[in-house]
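All of the numbers you see were taken from the coordinates with simple rules; none came from a lab. None of the values given here were measured: they were computed from a predicted structure. So basically every Cβ, Gly included, is an ideal-geometry build from the backbone, and we count neighbours across all protein chains shown.
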Amino acid sequence: MPPTVAPDRPTAVKTKKRPVFPFTAIVGQEEMKLALILNTIDPKVGGVMIMGDRGTGKSTTIRALADLLPEIEVIADDPFNSHPSQRELMSDEAWGRVEAGKEVTVAHKQVPMVDLPLGATEDRVCGTIDIEKALSEGVKAFEPGLLAKANRGILYVDEVNLLDDHLVDVLLDSAASGWNTVEREGISIRHPASFVLVGSGNPEEGELRPQLLDRFGMHAEIHTVRQPDLRVQIVEQRTQFDAAPEEFLLEYEIQQQEIRKTLEEARKLLPRVTIDRELRLKISEVCSELDVDGLRGDIVTNRAAKALAAWEGRTEVEVDDIRRVIVLCLRHRLRKDPLESIDSGYKVRKVFGEIFKVSSDVDDD
């Protein structure tokens, strides 16, 4: 039986959401914005690690992106934000109901944006199983955690470099597989956990181990804006937003709608985007020349280049697409020693220029 659409939601009970600074009003930090957009178009890029100075708008930009995304279809009252028809985005319980021909009600909701607090425990993140209830009543009593809430959305971890390595491993495993499995005393429960993982931190407080850092698809560096005129512009914008958020949002509504529409079109176009074999060979040649361990660098660069082509409305990847994403995809994979600092991008650009036969002294957009 096909899913039924819930009747129009009554506006009277609709809660007014808190105003969020518009994505299109954010000045500078193009590298971070591009990485976030590409992960939104293709979540399989693998998330993004954002490292930079304090007070550079990391959290503001991530929340602005989540607010920008169009609403998603979910099965009403499902704790995992299950998709009404796509199996890989549905919980086993929801899939069982659909397979049995039971009626499911479809609702619409804002893309979830989940903040992971630094002091979170594994149970809080993954969820817990009530062993006593399971044994006494014979049912799998599961209390969903933050990974369930983040399914089909964005999971943001501020100061991820200060998070326990084991917990980072759990997050990265779930982000890579799209599923979270909780096992306690011989009882196993799993649920979909497909989300864009965004981590941020200040390099002065330490880096992640290279093995963990490699698991992030992209690595963006952001710096404090130094130009006085841009600093004044940022301060003025923030002051206007804080004083009259509704009026400020109205000024950017058209740009917000345009970028929202472009995102939707890019997602639809992505499956049709192709990348020439010769370009794929050169990407792998760059990775090999840079001595990048494993194949994640190759895969992520291919995916990111295709996402960028889709973002710009093209079905074929060009050399310039690769140039614009390859530093984001590879710079954090060059560090072999935890005591080394992450390359700013010079090595990647240099090798890219040599292999692709283009000028290597270009700046990233």
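For ILE187, nonlocal amide neighbours, meaning residues 5 or more places apart or on other chains whose placed amide H falls under 5 Å from its own, do not occur.
Only helical runs count toward this figure. For the chain, summing -39,500 (n - 2.57) over DSSP H runs of n ≥ 4 and dividing by all residues gives -13000 deg cm²/dmol at 222 nm.
Across the stretch 174-320, Cα-Cα pairs farther apart than 18 Å form 76% of the total. Non-local lysine pairs in the stretch 270-356, meaning eight or more places apart or on different chains, with alpha-carbon distances under 20 Å, amount to 5.
DSSP bridge analysis restricted to the chain gives an antiparallel fraction near 40%, rounded to the nearest 5. Taken over the stretch 122-270, lysine pairs spaced eight or more positions apart, or on distinct chains, with alpha carbons under 29 Å apart number 4. Out of residues 5 or more away from TRP179 or on other chains, whose amide H comes under 5 Å of its own, with H placed 1.01 Å from N in the peptide plane? Placed amide hydrogens put ALA193 under 5 Å from TRP179.
What do you get for the angle between helix 228-243 and the principal long axis of the chain? Use alpha-carbon atoms, 0 to 90 degrees, nearest ten. That helix lies at roughly 20 degrees to the long axis. Scalar couplings 3J(HN,Hα) for the stretch 165-173, obtained by applying the Karplus form with A = 6.51, B = -1.76, C = 1.60 to θ = phi - 60°, are 4, 4, 5, 4, 4, 4, 4, 5, 4 Hz; x denotes Gly and Pro.
Loop-located trypsin sites (Lys or Arg not before Pro) in the stretch 31-69 (DSSP state not H, G, I, E or B) with no more than 15 neighbouring Cβ atoms inside 10 Å: ARG54. Sites listed here are chymotrypsin sites (Phe, Trp or Tyr not before Pro) in the stretch 165-254 whose DSSP assignment is loop and whose Cβ has at most 10 other Cβ atoms within 10 Å, and the list is empty.
Spin-label model, GLU246 to SER288: label points 7 Å out along the Cα-to-beta-carbon direction sit 6.2 nm apart. For the stretch 270-356, the Kirkwood hydrodynamic radius comes to 13.1 Å, computed from all pairs of different C-alpha atoms. Note on the stretch 270-356: with charges restricted to the Cβ of Lys and Arg (+1) and Asp and Glu (-1), its dipole about the Cα centre is near 240 debye. Residue-wise HN-Hα couplings along the stretch 321-330, as the Karplus relation 6.51 cos²θ - 1.76 cosθ + 1.60 with θ = phi - 60° gives them from phi, are 4, 5, 4, 6, 10, 5, 5, 4, 8, 10 Hz; Gly and Pro carry x. Once the Cβ-Cβ distance of LYS102 and SER177 is raised to the sixth power relative to R0 = 35 Å, the FRET efficiency obtained is 0.80.
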